[in-house]
Amino acid sequence: MSDVKLYGFPQSTYVRTARLALAEKGVAYELAPVQLGSEALRAVHPFGKIPAFADGDFTVYETSAICRYVDEAFEGPALQPADAQGRAVMEQWISALNGYYDTDMIRHVVLERVLAPLRGRAPDEARIADALPRLAVEMTVLDARLGESACLAGDAVSIADFFLVPMLAYFRDTPEGQEALAGRSHIARWWEAMAARPSFAATTPPPRNG
């Protein structure tokens, strides 16, 4: 059994982000299932959230911290730009994805359009509609950025791209996502390249059942 453990369930966008980093570095790990808020989880994450991570006796939580640790503690290809400007751009996009894109793509659209019906609840159409003007801006900004470079922080894949992959994977399967992404050729090109990476297939989650 590996000394490296990632706590969480595979359908979580943030768990998949950490799994992408581990896969890209070639790190063997155990994906340990946990219940949100459980005492077992709070032992490694005091707020009872996922993911959490352990490397032997060392534990760390929060996805950004986990990905940076994985990149710096293990051998393998670099997941962060070598220069200060590139790392700043990576940080900028991680912050934007967490602060804006996750809220609108996942919290407002995916959870309402996809997860709510699985749980026997009608989607909150007002909540979805509220996000659409912001999503139009966000997709325009994202497409423009990916028209400037192959990936979010430059021409090499970085941790920032691993934050976007799981969000977009769910969002693009909704009617609102398909409409927002229509004609965004640079996002489409980036998506095809990311979906072709072995780490993408290795971390694709099974479908939710509710």
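For a quick check of your reading of the model, give me the residue pairs whose first member lies in the range 78-97 and is within 24 Å of ARG134 (Cβ to Cβ), whose second is charged (D, E, K, R), with beta-carbon atoms closer than 8 Å and at least 6 apart or on different chains.
Final answer for the pair search is TRP93/ARG145.
With respect to the numbered conditions (1) of a type in the set (A, V, I, L, M, F, W, C); (2) surrounded by 19 or more Cβ atoms within 10 Å (Cβ to Cβ); (3) part of a helix (DSSP H, G or I), which one is the sole condition not fulfilled by VAL157?
Of the numbered conditions (1) of a type in the set (A, V, I, L, M, F, W, C); (2) surrounded by 19 or more Cβ atoms within 10 Å (Cβ to Cβ); (3) part of a helix (DSSP H, G or I), the odd one out for VAL157 is (3).
Within the range 1-10, track down each residue that is out of contact with any helix residue (DSSP H, G or I) (no Cβ under 9 Å at 6 or more places or on another chain) and not in a strand (DSSP E or B).
Within the range 1-10, MET1, SER2, ASP3 meet the criteria.
Could you count how many residues in the range 160-210 are over 18 Å from ASN98 (Cβ atoms), assigned to a helix (DSSP H, G or I) and out of contact with any Phe, Trp or Tyr (no Cβ under 7 Å at 6 or more places or on another chain)?
Residues flagged as over 18 Å from ASN98 (Cβ atoms), assigned to a helix (DSSP H, G or I) and out of contact with any Phe, Trp or Tyr (no Cβ under 7 Å at 6 or more places or on another chain) within the range 160-210 amount to 22.
Going by what's in this entry, would ALA82 be described as farther than 28 Å from GLN178 by Cβ, in a helix (DSSP H, G or I) and not β-branched (Val, Ile, Thr)?
So ALA82 does not fit the description; no.
What do you reckon, is LEU111 in a helix (DSSP H, G or I), surrounded by 15 or more Cβ atoms within 10 Å (Cβ to Cβ) and at pLDDT below 95? Spell out how you get there, then give the answer.
Values: in a helix (DSSP H, G or I): yes; surrounded by 15 or more Cβ atoms within 10 Å (Cβ to Cβ): yes; at pLDDT below 95: no.
It is false that LEU111 is in a helix (DSSP H, G or I), surrounded by 15 or more Cβ atoms within 10 Å (Cβ to Cβ) and at pLDDT below 95.
So which residues in the range 97-113 are more than 12 Å from the chain's Cα centre (by Cα) and closer than 13 Å to MET167 by Cα?
Matches in the range 97-113: GLY99, TYR100, THR103, ASP104, ARG107, HIS108, VAL109, VAL110, LEU111.
Just name the residue that is surrounded by the most Cβ atoms within 10 Å (Cβ to Cβ) out of those in the range 114-144 that are in contact with a His (Cβ under 7 Å, 6 or more places away or on another chain) and in contact (Cβ under 8 Å) with a residue 24 or more places away in the chain. If you could, list the steps in order and put the result at the bottom.
Filtering the range 114-144 down to residues in contact with a His (Cβ under 7 Å, 6 or more places away or on another chain) leaves 127-128, 130-131, 143.
Going one step further and asking which of them are in contact (Cβ under 8 Å) with a residue 24 or more places away in the chain, we end up with 128, 131, 143.
Values: ILE128: 21, ALA131: 19, ASP143: 18.
Taking the candidates together, the pick is ILE128.
For the subset of the range 160-210 comprising residues that are buried (at least 17 other Cβ atoms within 10 Å of the Cβ) and among the polar types (S, T, N, Q), which member is nearest to LEU6 (Cα to Cα)?
Applying the filter and picking the extreme gives THR203.
Residues of the range 79-92 being surrounded by 14 or more Cβ atoms within 10 Å (Cβ to Cβ) and either out of contact with any Lys or Arg (no Cβ under 8 Å at 6 or more places or on another chain) or farther than 19 Å from ARG19 by Cα (or both), which ones?
Passing the criteria: PRO81, GLY86, ARG87, VAL89, MET90, GLU91, GLN92.
Mind listing whichever residues of the range 11-60 are hydrophobic (A, V, I, L, M, F, W, C), part of a loop (DSSP other than H, G, I, E, B), in contact (Cβ under 8 Å) with a residue 24 or more places away in the chain and farther than 26 Å from LEU111 by Cβ?
VAL27, ALA28
The values are calculated or read from the model by the stated rules, or taken from the named source; none is laboratory data. Small disclaimer: the values here were computed from a predicted structure and weren't measured. Every residue, glycine among them, receives a Cβ derived from its backbone with ideal geometry; neighbour counts consider all protein chains shown.
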